[in-house]
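J.: Questions regarding the structure given below will be posed in turn.
The values are calculated or read from the model by the stated rules, or taken from the named source; none is laboratory data. As the structure is a prediction and not an experimental result, all values here were calculated from the model. Neighbour counts are summed over all protein chains in view; Cβ atoms, including those assigned to glycine, are modelled from backbone coordinates with ideal geometry. Calculation scope for accessible area: heavy atoms of the full protein, side chains included, ligands and nucleic acids excluded. Shrake-Rupley method; radii C 1.70, N 1.55, O 1.52, S 1.80 Å.
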Amino acid sequence: MTKALIVGGGIAGLSTAWALARRGVQVELFEQGSLPNPRASSYDEHRITRHAYGAMEGYAHLMPEAFRVWESLWQAIGTSHYEPCGAVYFLRHDDGWYAGMSRSLTAMGIGFRDIPLDDVERRFPMVRADGLQRVVSTDGAGMLFPVRILTDLVVLLGRLGVTLRTGTRVSEVDPERGRVVADGVAHQGDVVIVAAGAWADRLVPGLRGVGVPSRQAVLYLSPPPDLAEAWASAPVMLELGAESGLYTLPPRRGTRLKIGDHVFSRTGDPDGDRVANAHDLERLWPAARAAYRDFDRYSVLEPKACFYTVTEHEEFLVHPTGAAGWLISACSGHGFKLGSLMGDLVARAITGEMAAADVTELAAGRVLHPSWREAVAA
Ligand SMILES: Cc1cc2nc3c(=O)[nH]c(=O)nc-3n(C[C@H](O)[C@H](O)[C@H](O)COP(=O)(O)OP(=O)(O)OC[C@H]3O[C@@H](n4cnc5c(N)ncnc54)[C@H](O)[C@@H]3O)c2cc1C
């Protein structure tokens, strides 16, 4: 393997480029926008990372290795873009989340504990305690800061000699020959990796209808002054309801308070605008009002629309697409924390360190035991 072509400069493409360049592979990366690209799913102020994955235990068991790859990135760039502020889960409904979470966190030695319901209002004065069934605080969680990570990765890749082609949209991919066409010009590699986020199904026909672009809304907020202090020291907060799933990232290290919901629209064109309209926000408002006291007193700083791909069971699709092609479609709203690991695993498969089928299974969250690393290495 001497030359890899990568389509897409989000966390998946940049991480794959870094993992391959570290292994001595020559890399050329094509990005239709700038690097980083504000229209990419990966581009945001903060993203949640955590070991607790509820019933999706295969993903929980990937997290120690994901944390390890992030740590090696912090070493390479000389700074950490991780804030270990913990995560608290507010359960208004439980369809197996607690059982899966407690099994996997216990197996990994990560701490978690219940917060008594009668202590919730004191510790979280912004939360509406009525209707809560259980509140669980978990360790091994916090926030990653994507804009800073992407920017530092781009600088690192430049230093490693990766060719970065910005403003260059790939129109054709030949996964049998390792070839792409960008702006009418053909480029030849030994392998081509499509990491094109919500646009990937335009280049990989097999993804159509399977990994579906989904327009999602988030709100950046300024809390009322009397709650500002509570928010400044808040952990990552996740609401688990029967109909909705709300996630909230507190303002830390120069970021804004952000809330979003984990209900997929499964519609939209990723070339579309990035301003959330009333229709985009029609689920988020009632969910936020149900979760937080006095929500109408918060000032909206920015209503934003974002795009990502969603699969039926929220699994990642990471697999060869031909004799010289790979797809990395790692999203369904939870792919940032695992993006650096996905890039590393695909690089391991491309350079023959791991079997491609093992990478596909791990990425799909189907390997349910932490011993996968030893098994794969054996
Ligand atoms: C609102 C929101 C909240 C989220 N919250 C979390 C979270 O808390 N924790 C978490 O782990 N994950 C979270 N995610 C998911 C995570 O952000 C994504 O899974 C991840 O960023 C996907 O990265 P990617 O590299 O696959 O795609 P992208 O970041 O979208 O990158 C794809 C890139 O490919 C480029 N491209 C596409 N087509 C072409 C082409 N033809 N030619 C050249 N370039 C092309 C695009 O311009 C883009 O830059 C969230 C996502 C969103 C949108």
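J.: Separation between the GLU353 and GLU243 pseudo-spin-labels, each 7 Å from Cα along Cα→Cβ, expressed in nm?
T.: Output for this residue pair reads 4.8 nm.
J.: Compute the long axis of helix 146-159 from its Cα atoms, compare it with the longest principal axis of the Cα atoms of the chain, and write down the angle in degrees, 0 to 90, nearest 10.
T.: Roughly 20 degrees, rounded to the nearest 10.
J.: Follow-up. Can you list, bin by bin at 10 Å, the percent of alpha carbon pairs in the chain, starting at 0?
T.: Cα pair-distance distribution for the chain, in percent: 5, 24, 34, 24, 10, 2, 0.
J.: Picking from SER171, GLY58, GLY111, whose Cα lies most toward the positive end of the charge dipole for the chain (charges on Cβ: Lys, Arg +1; Asp, Glu -1)?
T.: The listed residue farthest towards the positive side: SER171.
J.: Averaged per residue, what accessible surface does the stretch 3-377 expose to a 1.4 Å probe, in Å²?
T.: Value returned for the stretch 3-377: 39 Å² of accessible area per residue.
J.: In whole angstrom, how far apart do the alpha carbon centroids of the stretch 27-54 and the stretch 322-369 sit?
T.: 16 Å
J.: If I compute solvent accessible area with a 1.4 Å probe over the protein chains, what percent of it on the stretch 17-100 is carbon and sulfur?
T.: 49 percent
J.: Another one. Along the Cα-to-C-beta direction of ARG23, a point sits 7 Å from the Cα; which residues of the stretch 137-165 have their amide N less than 17 Å from that point?
T.: So the set is 162.
J.: Let me ask something additional. For the pair GLN75 and ARG113, how long in nm is the line joining their label points, each one 7 Å along Cα→Cβ?
T.: Once both label points are built, they end up 3.2 nm from each other.
J.: Would you calculate the separation in nanometres between label points at ARG293 and SER222, each defined as 7 Å from the Cα along the Cα-to-beta-carbon direction?
T.: Computed distance between label sites ARG293 and SER222 equals 2.2 nm.
J.: Dipole of the stretch 95-210, Cα-centred, from +1 at each Lys and Arg C-beta and -1 at each Asp and Glu C-beta, to the nearest 20 debye?
T.: Dipole of the stretch 95-210, to the nearest 20 debye: 240 debye.
J.: Using +1 on the beta carbon of Lys and Arg, -1 on that of Asp and Glu, and nothing else charged, what's the dipole of the chain about the Cα centre, debye to 20?
T.: 620 debye
J.: Projected onto the charge dipole of the chain (+1 at Lys/Arg Cβ, -1 at Asp/Glu Cβ, origin at the Cα centre), which of GLN188, PRO251, TYR308 gives the Cα projection farthest towards the positive end?
T.: Working it through, the farthest residue towards the positive pole turns out to be GLN188.
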